[in-house]
Amino acid sequence: MSTNITFHPGSVDSEERVSLTGQRGVTIWLTGLSASGKSTIACALEQHLLHLHKYVYRLDGDNIRFGLNKDLGFDEKSRNENIRRISEVSKLFTDSSCITVTAFISPYRADRNLARELHQTASLPFLEVFVDAPLSVVEERDPKGLYKKARAGEIKGTWNFTGISAPYEPPENAEIHIKTHETDVEGSVRIITEYLAKNGFV
Ligand SMILES: Nc1ncnc2c1ncn2[C@@H]1O[C@H](COP(=O)(O)OS(=O)(=O)O)[C@@H](OP(=O)(O)O)[C@H]1O
Ligand SMILES: Nc1ncnc2c1ncn2[C@@H]1O[C@H](COP(=O)(O)OP(=O)(O)O)[C@@H](O)[C@H]1O
């Protein structure tokens, strides 16, 4: 609870930064069930954009929980705090002209809306991408064996598993909706890149 603090503005405003860096930042917020394809798409998208010489960086749920958010679990409050922190971090990256790709389950609509609001308040672009696949498909994929563990009752209590014993609230107004049971990884990257091109980000 900080008191007696004063915001110190920079000497370069956001439009001047865009003109000097040659790139407008944008947060691309991937949300979806575990194994829906968020990390796979985020990696492929990052690689594709880097090869176009764009400044891009990926923030991934599993990875961030090894460091910045290593103190957080999977109860509702922890997930709220996880997403609040990442919203702030992605806002900073995007303000620095980065194309910021986040890959978090982010199961609660209110948390994602907060992320959007934080960006909008700072006049920073925010694109929500629903990485969608039915539970039956993600359970079949189960690359980390977590659904199997959850079904076996080995992930429980405050560690409840999204889609099995913890909620996932699907987006209602995502800018992009990708069904990964119908679209392959290359197709997903194309859909996002075309959206970026159409809206002047690349
Ligand atoms: N209980 C429970 N529920 C959901 N996910 C779990 C859980 N325990 C561990 N994991 C692993 O953590 C990854 C999700 O972390 P996130 O930070 O994206 O989750 S959240 O947005 O705070 O809900 C998630 O990664 P992805 O599979 O890439 O989504 C899992 O590998
Ligand atoms: N169309 C697709 N898009 C993305 N991933 C897919 C697709 N089809 C199959 N997969 C596989 O599904 C799994 C998705 O895992 P991952 O990318 O870690 O998802 P998440 O980050 O949402 O948990 C990977 O093993 C990936 O190879």
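The values are calculated or read from the model by the stated rules, or taken from the named source; none is laboratory data. None of these values were measured; they are calculated from a predicted model. Cβ coordinates were reconstructed from backbone atoms using ideal geometry, including for glycine residues, and neighbour counts include every protein chain displayed. Please note that ligands, DNA and RNA were not included when accessible areas were found on the heavy atoms of the full protein model with its side chains. Shrake-Rupley method; radii C 1.70, N 1.55, O 1.52, S 1.80 Å.
Determine the pairs where a residue that is open to solvent by less than 100 Å² (accessible area, probe 1.4 Å), located within segment 1-26, has a partner that is of a type in the set (Val, Ile, Thr) with Cβ atoms under 7 Å apart, the partner being 6 or more residues away or on another chain.
Arg24/Val18; Gly25/Thr94; Gly25/Ile99; Gly25/Thr100; Val26/Thr94; Val26/Ile99
Which of (1) more than 18 Å from Ala174 (Cβ to Cβ); (2) within 12 Å of the chain's Cα centre (by Cα) does Ser90 not meet, given it meets every other one?
Failing condition for Ser90: (1).
Kindly indicate which of Val189, Val185, Val131, Val138 is in contact with a His (Cβ under 6 Å, 6 or more places away or on another chain) and either under 18 Å from Thr40 (Cα atoms) or exposed (fewer than 13 other Cβ atoms within 10 Å of the Cβ) (or both).
Only one candidate passes the filter, namely Val189.
Taking the condition of being surrounded by fewer than 16 Cβ atoms within 10 Å (Cβ to Cβ) and either in a helix (DSSP H, G or I) or touching a Ser or Thr at 6+ places or on another chain (Cβ under 8 Å) (or both), how many residues in segment 58-71 meet it?
Here the count works out to 2.
Do the conditions hold for Val12, that is, is it more than 16 Å from ligand 2 (Cβ to nearest atom), over 24 Å from Arg190 (Cα atoms) and assigned to a loop (DSSP other than H, G, I, E, B)?
When the stated conditions are applied, Val12 passes them.
When only residues in segment 30-50 that are β-branched (Val, Ile, Thr) and in a helix (DSSP H, G or I) count, which is farthest from ligand 2 (Cβ to nearest atom)?
Here the residue is Ile41.
Among the residues of segment 72-101, which ones are in a helix (DSSP H, G or I) and of a type in the set (Val, Ile, Thr)?
Matches in segment 72-101: Ile83, Ile86, Val89, Thr94.
From the list Thr183, Thr193, pick out the single residue that is out of contact with any strand residue (DSSP E or B) (no Cβ under 6 Å at 6 or more places or on another chain) and not in a loop (DSSP other than H, G, I, E, B).
After ruling out the rest, the residue left standing is Thr193.
Hey, among Arg109, Arg116, Arg151, which residue is open to solvent by 50 Å² or more (accessible area, probe 1.4 Å), of a type in the set (Lys, Arg), closer than 18 Å to Thr31 by Cβ and more than 9 Å from ligand 1 (Cβ to nearest atom)?
Arg109
Filter segment 58-71 down to the residues that are without any contact (Cβ under 8 Å) to a residue 40 or more places away in the chain and over 14 Å from Glu88 (Cα atoms) and list them by number.
Of everything in segment 58-71, those that are without any contact (Cβ under 8 Å) to a residue 40 or more places away in the chain and over 14 Å from Glu88 (Cα atoms) turn out to be Asp62, Asn63, Arg65, Phe66, Gly67, Lys70, Asp71.
Name the residue, out of Asp132, Asp184, that is touching a Pro at 6+ places or on another chain (Cβ under 8 Å) and within 16 Å of ligand 2 (Cβ to nearest atom).
Asp132
Cβ-Cβ distance below 7 Å, separation of 6 or more or different chains: which pairs start in segment 32-57 with a residue that is hydroxyl-bearing (Ser, Thr, Tyr) and end on one that is within 8 Å of ligand 2 (Cβ to nearest atom) and open to solvent by 30 Å² or more (accessible area, probe 1.4 Å)?
Sorted first by the residue in segment 32-57, then by its partner, the pairs are Ser34/Ile105; Thr40/Val185.
Filter segment 157-174 down to the residues that are surrounded by 13 or more Cβ atoms within 10 Å (Cβ to Cβ) and within 10 Å of ligand 1 (Cβ to nearest atom) and list them by number.
Trp159, Asn160, Phe161, Thr162, Gly163, Ile164, Ser165, Ala166, Tyr168
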